[in-house]
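In what follows, a structure is listed as structure tokens, so that the remarks can point back to it.
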Amino acid sequence: MKTFPFKYHKPSEYLDLFNPKNMFNFLLEELNPVYSISKTRAKIISIHLETKETKTLVLRVNKKGFRFQAGQYVPVTVEINGKRVTRYYSISSMPSEVNLRITIKRQKQGLVSNFVHESLQLGDFVELGEAQGSFVLPKALPGKFLFVAGGSGITPVYSILNTLQNQNYTGSVKLLYFSRTKEEIIFYSDLNSLREKFPTLAVEFILTDEDSLGFRTGFFTREMLLELVPDFSERLTYLCGPGTLQESVKSIIPKEKLISENFQPFLKTSTKREAKQVEVTLTKSHKTLLLNGEKNLLEELEDNGIYPQSGCRMGICHTCACTKKSGVVTNLQEGSESESGEETIQLCLSRAEENLELDI
Ligand code: FES
């Protein structure tokens, strides 16, 4: 990915070189991008196409100390047209494996997921942050689990299931995995192989958008749950998938028996509406922009060439949090309007309702 040693360094970055540690780091990185004493870098050593839209990157990490728990996600930073862009992706490998795997589904408008699918190649490097997330196994394992996954929500679940098998877990495990079509099932053959090694694992593939011989069809309902997992109330349930699936499961499984992760924002208010022009003043950068007020603030600022810090783009990581000095925004997740005074907002979840002042 890095084609010329000095291509990606802005002049201001060279000031840091007067710090001996940074100088050493810089020289190491220019020698080989995987060498760094302060950053976690990873080289792509293999790429697998899981489905037409989903790829797994196998990464060799430059730090032996990179740690994570099954079910966690990691910030992945890539450089696209000279700009560093970070997104959060679930890890699909087990912590005990030598190499790290991340499985990425292409999103229609996804800057990074499209870059991963179209441009990243074997031998390229990505930068990793620290693994995060509480979608992990408890210290004391219960006797029974239920996993409900939808679409790419299978990724952290896959890591957890492999970890349970690797630990010789003997309790009962059920997986209900919802996919739109047979072709979109991620890890189909891997999950089938896993259940051969894991006798107490039962996997049910459910298609929501097509009928296919040998597959169950339909959406998650109480009736379906009672039929497939009659003892669901005795199980600790893990849920990862889109908002509609989250809503259905949460209406049945009580909070105290449920651990969930949402990799698509569940928004009460539509992110798009008709243009309603607003003036947004960026107080730190001394800029005033005319935004359309159509989408969330993060996207609107990016459309105007301003790239605030961001990560997950779905309200999880708080990387995009900033101070709104004045003006009203709608919180798209809660569907509520803010006060007009100073407060912290998340740009990826906020839409401008009137002229704003942001401390960016
Ligand atoms: S980018 Fe993660 S919360 Fe907004």
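Computed from Cα positions, the angle between helix 20-31 and the longest principal axis of the chain comes to roughly 70 degrees. Taking the longest Cα principal axis of the chain as reference, the axis of helix 188-197 is set at about 50 degrees. A simple spin-label model places the labels of Asn292 and Asp190 3.7 nm from each other, with each point 7 Å out along Cα-to-Cβ. Think of the chain as a dipole: +1 on every Lys or Arg Cβ, -1 on every Asp or Glu Cβ, centred on the Cα centre; then among Ser113, Thr288, Thr103, Thr103 lies furthest on the positive end. Only helices enter this figure: runs of n ≥ 4 DSSP H residues, each worth -39500 (n - 2.57), summed and divided by the residues of the chain, yield -5000 deg cm²/dmol at 222 nm to the nearest 500. Can you give the FRET efficiency for Arg67 and Arg273, using 1/(1 + (r/R0)^6), R0 = 51 Å, r = Cβ-Cβ distance, to the nearest 0.05? For Arg67 and Arg273, the calculated efficiency is 0.75. The range 171-217 and the range 60-108 have Cα centres lying 25 Å from one another. For the range 68-73, backbone phi angles converted through the Karplus equation (6.51, -1.76, 1.60; θ = phi - 60°) give residue-by-residue couplings of 7, 10, 4, x, 8, 10 Hz, Gly and Pro being listed as x.
For Glu342 and Asp303, a Förster radius of 25 Å and the Cβ-Cβ distance give a FRET efficiency of 0.45, rounded to the nearest 0.05. Only one residue of Leu194, Thr221, Phe205 has its Cα farthest out toward the positive end of the dipole of the range 124-269, where Lys and Arg carry +1 and Asp and Glu -1 on Cβ, and that residue is Thr221. For Tyr169, nonlocal amide neighbours, meaning residues 5 or more places apart or on other chains whose placed amide H falls under 5 Å from its own, do not occur. I'd like the antiparallel share, as a percent to the nearest 5, of DSSP beta bridges with both residues in the chain. The antiparallel fraction comes to roughly 60 percent. Taking a point 7 Å out from the Cα of Thr170 in the direction of its Cβ, the residues of the range 195-219 whose backbone N falls within less than 20 Å of it are 195-202. Here the range 207-360 carries DSSP beta bridges of which approximately 65% are antiparallel, counting only pairs with both residues inside.
Among Ile252, Thr344, Gly133, whose Cα sits farthest toward the positive end of the charge dipole of the chain (+1 at Cβ of Lys/Arg, -1 at Cβ of Asp/Glu, about the Cα centre)? Checked the options; the winner is Gly133. In the complete set of protein chains, residue-level accessible area for Val229 is approximately 0 Å², probe 1.4 angstrom. Subtracting the Cα-Cα distance of Thr283 and Leu49 from their residue separation scaled by 0.36 nm leaves 79.8 nm.
Ranked by the mean number of other Cβ atoms within 10 Å per residue, highest first, peptides 198-208, 149-159 order as 149-159, 198-208. The reciprocal of the average 1/r between distinct C-alpha atoms defines the Kirkwood hydrodynamic radius, which for the chain equals 22.4 Å. Computed from the C-beta positions of Thr323 and Ile252, the FRET efficiency with R₀ = 51 Å rounds to 0.80. Dipole magnitude for the range 37-165: about 180 debye, using +1 per Lys or Arg Cβ and -1 per Asp or Glu Cβ, origin at the Cα centre.
The values are calculated or read from the model by the stated rules, or taken from the named source; none is laboratory data. Being a predicted model, the structure only gives us computed values, none of them experimental. No Cβ is skipped: glycine too gets one built from the backbone with ideal geometry, and neighbour counts run over all protein chains shown. For the accessible areas, the whole protein counts, side chains as well, though only heavy atoms, and no ligand, DNA or RNA atoms are used. Shrake-Rupley method; radii C 1.70, N 1.55, O 1.52, S 1.80 Å.
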